[in-house]
Amino acid sequence: MYSKILLFLLFFISVQALSCDRTYKVGVGTPWPPYVMYDGERYFGMDIEATQYIFNKAGLCVNFVRLPSSARGITELERGFIDILPSASYNEQRAKIAYFSAQYRRERMRLFTLSTMDDVKSLSQLFERGYLFTANPGAYYGQELASILKVDQFKNNYFEVASLSQRMELVRRGRVDFLIEDEASGVYYKHQLGYDKLRIHPYVVHDNGIHFMLNKSAFSVEQIAQINRAISATDNQLKRIEAKYLSKLPDSLSQANHF
């Protein structure tokens, strides 16, 4: 009997080893609820769970690697320290560095502020009025902001700070006028920190698909197609994962003190 159990275990281990000939490293940065969170050595959150589900469906093994900041992600991907970078917005410059998967969720970048600016029709209007902004280093907020920051007179209106709680504190203290942040994450921190006076301006800075960036040396064209098929096949499950985490926010996003 024991010999049969031993044979079964050896068979199971060998199958597992064959299915994980390579384990791909997924880079994640500082805590970014509800997408990336830590409890000691445990990784969890919407993007953590989605990544695990998609790559498991694609038959590829992954292991998460904690980076000192999200801004380091692209650098470490380019030099091959990590193989996968989740939570990535597409732009042409990034596409020169890595392959992009199909989108697995969407992202809305919003303005968190203490000011009322109902008549604003563009981000440029706010910069022209001399307002100050803070945002996450290394993040991509769309072509509109990228074009604005090419204008020398506007560069001094824009401050990058790695910590989201510190960025919110800058707005609360009146040091800057606007925080540019993902809507769900901003709502999470707004309530966690008790910043009830912070509101979401109706202007949407950027509404775009979110992808995996994949190291070009680590993945073949066939594997990318495999990952994209997994994303398509798990669409319903991904929506359930998203709903699970968004339902935990103190307010629904549609009622989060918008102007």
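The values are calculated or read from the model by the stated rules, or taken from the named source; none is laboratory data. Nothing here was measured: the structure is a model prediction, and the numbers come from that model. The protein model used for the area step is the full one, side chains on, heavy atoms only, and it has no ligands, DNA or RNA in it. Shrake-Rupley method; radii C 1.70, N 1.55, O 1.52, S 1.80 Å.
Please list, in order along the stretch 216-227, the HN-Hα scalar couplings obtained from phi with the Karplus expression 6.51 cos²θ - 1.76 cosθ + 1.60 (θ = phi - 60°), rounded to whole Hz, x for Gly and Pro.
Using θ = phi - 60°, the values come out as 5, 7, 9, 10, 8, 4, 5, 5, 5, 4, 4, 5 Hz.
Roughly what % antiparallel, to the nearest 5, for the DSSP beta bridges in the chain? Before the final figure, lay out each step's value.
Numbers: 23 of 36 bridges.
Roughly 65 percent of the DSSP beta bridges within the chain come out antiparallel.
Ranked by accessible surface with a 1.4 Å probe, highest first, in what order do CYS20, CYS61 come?
On the way: CYS20 50, CYS61 25 Å².
Greatest to least solvent exposure: CYS20, CYS61.
May I ask you to give the percent of accessible area on the stretch 165-253 that is carbon plus sulfur, with a probe radius of 1.4 Å?
Values: 1850 of 4110 Å².
That share works out to 45 percent.
Once phi is turned into θ = phi - 60°, what whole-Hz ³J(HN,Hα) does the Karplus curve with 6.51, -1.76 and 1.60 give for every residue of the stretch 229-244, x standing for Gly and Pro?
5, 5, 4, 5, 6, 9, 3, 5, 5, 5, 5, 5, 4, 4, 4, 4
Have a look at the chain and give its Rg and Dmax from the Cα atoms, expressed in angstrom.
Values for the chain (Cα only, Rg and Dmax): 20.7, 80 Å.
Calculate one ³J(HN,Hα) per residue across the stretch 151-163 by plugging θ = phi - 60° into the Karplus curve 6.51 cos²θ - 1.76 cosθ + 1.60, and present them in order as whole Hz with x for glycine and proline.
8, 4, 5, 9, 4, 6, 8, 10, 10, 9, 9, 5, 8
Taking a ≥ b ≥ c as the square roots of the eigenvalues of the Cα gyration tensor of the stretch 33-111, is the shape rounded (a/c under 1.5), prolate (a/b larger than b/c) or oblate?
On the way: a/c = 1.25, a/b = 1.17, b/c = 1.07.
Note, shape of the stretch 33-111 comes out rounded.
Write down the accessible area per residue of the stretch 88-193 in Å², having rolled a 1.4 Å probe over the full set of protein chains. Write down the numbers at each step before the final one.
Details: 4970 Å² over 106 residues.
Heavy-atom SASA per residue in the stretch 88-193 reads 47 Å².
Pick from ASP21, ASP118, ASP39 the residue whose mean-square fluctuation is largest in a GNM of the chain, springs joining Cα atoms under 10 Å.
Of the options given, ASP39 has the highest mean-square fluctuation.
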